[in-house]
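So the structure is just underneath, and the comments pick up after that.
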Amino acid sequence: MKAIILSVLGLAVLTSAIPSDYEDDLVFRRAVNDQCKAPEGTGSCQKTSNCAGISYPTGLCPKDPDDVQCCVRINCNVPNVGPGFCRSVKNNGCSGGNFHSGVCPGNSDIKCCVKAIAGPPTPPTPAPTVTNPCTAAAYDKLMFSDSISTFMSAKNSESPSCFNWGDDGCSCSPDELFGYDFLDPCKRHDFGYRNGKDMGRFDAALKEKVDNNFKDDLYDVCNKFSGLQNFRGVECRRIADIYVAFVKKFGKKKRDETSALLQKRECDLKSALGL
C-alpha cells in the first residue's frame, strides 16, 4: 500500500513538472512560422509588420529579432461597420481601413481593424459620340436657306468635309455666258444633285426643289441688272429660263448640253459681229 501511494505521488510530481502549452512556448522557443500559443489563442511566429492580428512581445517566439512575435488572429465585428480582425494599433496600423475600440479582448491598444469597403467601380467615361454633320438638315440649309455667297464659302472650305463638294460648274461653258456669271448657281445645283443622290433622298420632289432653287440663284444673278441695264436683266432671265426648262425636263446633263449650245450661239454671234 505504501508503495502504491509513493507511486501515485511520484506520478503527480512528474505530471506537475510538465510545462503547459503557454509555459512550453516560454521554455522551448519557436521558429518563424511555427505555431505558438498566447493567452488569447493559438497563433504563429511572424514579423509584426506581417501580423494581421494581435502580437505579443512576451518571448513566445525564438531568439529572433524583436519584431518577430506570436501573432494571433482574432476576428471581430463592429456593428453597422462590418467585420475585421483584432490587432495592436502599434503594429503597422490598419492599412486600408480604420481602428474601432470596444470589440476586442486585451488592453486598450488592441482594436478592431476594419478594412474600408470599396464602393462600386467608377464606370468608364463613355467615348464622345461622333455625330455625322452631313445630315438632311445640313443639306437643306446649304441648298435652300443659305445665300449663294454663304454656300460658296462652305464649298471653298469644303466644310463639312463629309459632303460631296465636287462639281463640273456649267461644264463646257465659260464662267460668264453672254456676260452672265452663272457658275456659282451651277455649282450649288451640282451639290444638290450629287449629295441628294448620295444620301438616298433624290426623288422627284427633291429634284424639283433643287431645280427651282437653281432658277432662283440664276435670277439673283440677273437681278443685278437694272436701270439702263434693265434690258440685260431681261435677256439674262431668258437664258436662265432656257437652262431651267431643260434641267426640269431632262436633268443636269441637258443643262450642260444647253450651256454648250448657248456658248456656240455666243461664239457665232461674236464672229458675225467681228468681235
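Observations on the structure shown:
- Cβ pairs under 9 Å, 6+ apart, first in the stretch 180-194 and free of Cβ contacts under 8 Å to residues at least 60 places away in the same chain, second part of a strand (DSSP E or B): 183/176
- Across the stretch 91-102, the number of residues qualifying as out of contact with any helix residue (DSSP H, G or I) (no Cβ under 8 Å at 6 or more places or on another chain) and either among the basic types (Lys, Arg) or modelled with pLDDT under 85 (or both) comes to 5.
- In the stretch 137-150, residue nearest to residue 181 (Cα to Cα) [restricted to those that are surrounded by fewer than 16 Cβ atoms within 10 Å (Cβ to Cβ) and either without any contact (Cβ under 8 Å) to a residue 60 or more places away in the chain or not assigned by TED's automatic domain parsing to the domain that holds residue 199 (or both)]: 149
The values are calculated or read from the model by the stated rules, or taken from the named source; none is laboratory data. Source: prediction; values computed, not measured. Here the Cβ is made from the backbone with ideal geometry for all residues, glycine too, and neighbour counts use every protein chain on show.
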